[in-house]
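**Q** Pasting a structure here, questions to come.
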Amino acid sequence: MGTIGAELVATSEFGVFDLVADRAYWEFLHGNPPAALLLCAHGITLAELAGDEATVRYLLFTRGQCLIELEQVDAAVDCADELLARAERDDEPYWQAKALAVRALARIRAGAAIEVMDLLARVWSLVGVPDGRRYNQASAVAVLANGLRTAELYEQSHALLRRLHRLVPAGFDANVVAQSMRNLAEWGARLLVLGLEREASATFAELASRVLLLRRLVGGNRAAGPVDHAVSADAAEIVAMVGLGEPRRALALAERAGAALEQFRGRPEWVAAMCAIGLALTTVGRYAEAEAMMAQVRPEVETREREVWLTAVDAVLLEAARGRHGDHPAAVQATVMFRRVARRTWTDREQRFEALLSKVRIQELVEQSARATALSALDELTGVGNRRAIQDFVAGGDGPLAGLFVDVDDFKFVNDQHSYVIGDAVLVQIAELLSDLAREDDLVARFGGDEFVILPPPGAAMSAARLERLGRRILAGAHDADWNAIAPGLAVTLSVGVAHVGSADALFDGLGQAVRAAKRGGRDQVVVLGG
């Protein structure tokens, strides 16, 4: 819960200081990573002090992406790893997926192709099929789509984004469509460079459709969402017009949108639009202007190591040279060689995607195996650990061990008087009580029948006195439980034994002695063996 004035405000998957995270991400999307990083640094400190874990995670997520843009790849990887460590115990896998996706984007910049495919496969298997009900799943899918685009797997990125934008709520849907337009613009540019005009035309037609959709989603609001989507739409429309053979219309729109578009300098929308404008200028014979424009674009794409757009810049310059000097045989041969090299890289995409699919299948098998192993260590009735989980937990533990043993008093009477179904319901409620009171790192397990244990990790600083206090809270919880809700007239008490011993071999002997002493002493009590 957070507070605004004197009111309590419920928070969901967003933290109390979410506005700080929103502003940092806004600065990042508007091409100002240094400002975003500064907000992230201050925001993380503030959110940590306030215990606002959700905001810390969103700020780490933004920080990682900013560091990638600033070519601080190692720092971005460290940021992704910190986010992953915070998410490793989450019930849902979406923060893990987002952390791995940030790591993948960083490793793409480092040229680690094999690791990138492994990471993207893990992200793909974690996000599952988007359903639009959870923001973090949708966000993870969007980051995965960005990773696929960066790996030039445009078809797969486009398919994910098309599905996603139909599922997410108003506001976020415009962001997804804007991302889809970036993917289509880059895809179409790549096809055009390769000389695949038919495929490029189909892609640019889809881009034009996405532009209309974005304009409809944002309506007359030129600043809907975290970015100026109207400018994004103008940039994408320029690209689509050039790709569909309407260079003069594209240049007219570029003239009208010029000042606003310049605010996007360095961002994918600006790069795509500038390359399209350069190509339009060569088409209408304004070769010197095209060359001057590419001189502006090249430093931006070189800094960000975007090979796709470097290739596009070279293609525009080649067309400008051919237009200025004519189709000299050397220029024709240069074009042929240029496209041959580009196509060789393009055909590698199929192998990359096949490798990705294989890794996804392997990852799914690994996760299925892990789930099966985890399930084999769970008690089917109560969902807490079973005897196997206990054995695994204490195996190889060094130093003193401690534990707490819980036995239901007169459980046979519960079954005989009320039925085995009621007895099972009692066991389930006791397992829930123990799970609620145990610490996060403790193992709660069903030892057998009506017997349960709580085991701190081997070597943990958990004294017998602290376990005794825990045992008394368990007794109080059993006293306060509404057993009548399970069966009228039902009453349940517990006997608790605590032991602190020197080795795993002695632990369960000690626990057994302690709980038997509690039974002999009249039940509904805690007995401690050892200190």
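The values are calculated or read from the model by the stated rules, or taken from the named source; none is laboratory data. Computed from a predicted structure; not experimentally measured. FYI the Cβ positions are ideal-geometry reconstructions off the backbone, even for glycines, and counts take in every protein chain you see.
**Q** Could you check, for segment 492-503, whether at least one of its residues is assigned by TED's automatic domain parsing to the domain that holds residue 441 and without any contact (Cβ under 8 Å) to a residue 40 or more places away in the chain?
**A** In the first step, residues of segment 492-503 are kept if they are assigned by TED's automatic domain parsing to the domain that holds residue 441; the result is 492-503.
Checking the rest, the ones that are also without any contact (Cβ under 8 Å) to a residue 40 or more places away in the chain come to none.
There is no residue in segment 492-503 that is assigned by TED's automatic domain parsing to the domain that holds residue 441 and without any contact (Cβ under 8 Å) to a residue 40 or more places away in the chain.
**Q** Looking at (1) modelled with pLDDT of 90 or more; (2) closer than 19 Å to residue 55 by Cβ; (3) crowded, with 17+ Cβ neighbours inside 10 Å, which is the only condition residue 86 fails?
**A** Condition (3) is where residue 86 drops out.
**Q** Sticking with this one: When you scan segment 189-216, how many residues do you find that are under 17 Å from residue 235 (Cα atoms) and hydrophobic (A, V, I, L, M, F, W, C)?
**A** Number of matching residues: 9.
**Q** Could you tell me which of the residues 44, 68 is among the β-branched types (Val, Ile, Thr), in a helix (DSSP H, G or I) and in contact (Cβ under 8 Å) with a residue 40 or more places away in the chain?
**A** Values: 44 fails: in contact (Cβ under 8 Å) with a residue 40 or more places away in the chain.
Result of the check over 44, 68: 68.
**Q** Can I ask one more? Among the listed residues 469, 446, 439, 388, which satisfies the condition of being exposed (fewer than 15 other Cβ atoms within 10 Å of the Cβ), among the basic types (Lys, Arg) and either in contact with a strand residue (DSSP E or B) (Cβ under 8 Å, 6 or more places away or on another chain) or in a loop (DSSP other than H, G, I, E, B) (or both)? Lay out the reasoning, then the answer.
**A** Details: 469 fails: either in contact with a strand residue (DSSP E or B) (Cβ under 8 Å, 6 or more places away or on another chain) or in a loop (DSSP other than H, G, I, E, B) (or both); 446 fails: exposed (fewer than 15 other Cβ atoms within 10 Å of the Cβ); 388 fails: either in contact with a strand residue (DSSP E or B) (Cβ under 8 Å, 6 or more places away or on another chain) or in a loop (DSSP other than H, G, I, E, B) (or both).
None of the other options fit; the residue is 439.
**Q** Six or more apart or on different chains, Cβ atoms under 7 Å: show the pairs whose first residue is in segment 96-118 and more than 16 Å from residue 142 (Cα to Cα) and whose second is outside any loop (DSSP other than H, G, I, E, B) and among the basic types (Lys, Arg).
**A** The qualifying pairs are 115/107; 116/107; 117/352; 117/359; 118/359.
**Q** Then there is this: Got a number for residues in segment 177-219 being touching a residue at least 12 places away in the same chain (Cβ under 8 Å) and over 30 Å from residue 314 (Cα atoms)? Spell out how you get there, then give the answer.
**A** Let us first name the residues in segment 177-219 that are touching a residue at least 12 places away in the same chain (Cβ under 8 Å), namely 177-195, 200-201, 203-208, 210-211, 213-215, 217-218.
Filter again for over 30 Å from residue 314 (Cα atoms), leaving 213-215, 217-218.
Selection size over segment 177-219: 5.
**Q** In addition: On the basis of being of a type in the set (Lys, Arg) and modelled with pLDDT under 80, does residue 133 make the cut? I'd like the intermediate steps shown before the answer.
**A** On the way: of a type in the set (Lys, Arg): yes; modelled with pLDDT under 80: yes.
When the stated conditions are applied, residue 133 passes them.
**Q** Could we say that residue 156 is in contact (Cβ under 8 Å) with a residue 40 or more places away in the chain, among the polar types (S, T, N, Q), in a helix (DSSP H, G or I) and in contact with a Leu (Cβ under 7 Å, 6 or more places away or on another chain) here? Quick ask: steps written out before the conclusion?
**A** On the way: in contact (Cβ under 8 Å) with a residue 40 or more places away in the chain: yes; among the polar types (S, T, N, Q): yes; in a helix (DSSP H, G or I): yes; in contact with a Leu (Cβ under 7 Å, 6 or more places away or on another chain): yes.
Criteria met by residue 156.
**Q** Quick check on segment 268-277. Is at least one of its residues over 28 Å from the mean Cα position of the chain (by Cα), at pLDDT below 85, within 29 Å of residue 68 (Cα to Cα) and in a helix (DSSP H, G or I)? Explain how you work it out, then say what you get.
**A** The initial filter retains those residues of segment 268-277 that are over 28 Å from the mean Cα position of the chain (by Cα), namely 273-277.
Restricting the remaining residues to those that are at pLDDT below 85 gives none.
Among the residues of segment 268-277, not one is over 28 Å from the mean Cα position of the chain (by Cα), at pLDDT below 85, within 29 Å of residue 68 (Cα to Cα) and in a helix (DSSP H, G or I), which makes the answer no.
**Q** Six or more apart or on different chains, Cβ atoms under 6 Å: show the pairs whose first residue is in segment 437-457 and in the same structural domain as residue 510 (by TED's automatic domain parsing) and among the acidic types (Asp, Glu) and whose second is part of a loop (DSSP other than H, G, I, E, B) and surrounded by fewer than 18 Cβ atoms within 10 Å (Cβ to Cβ).
**A** 441/457
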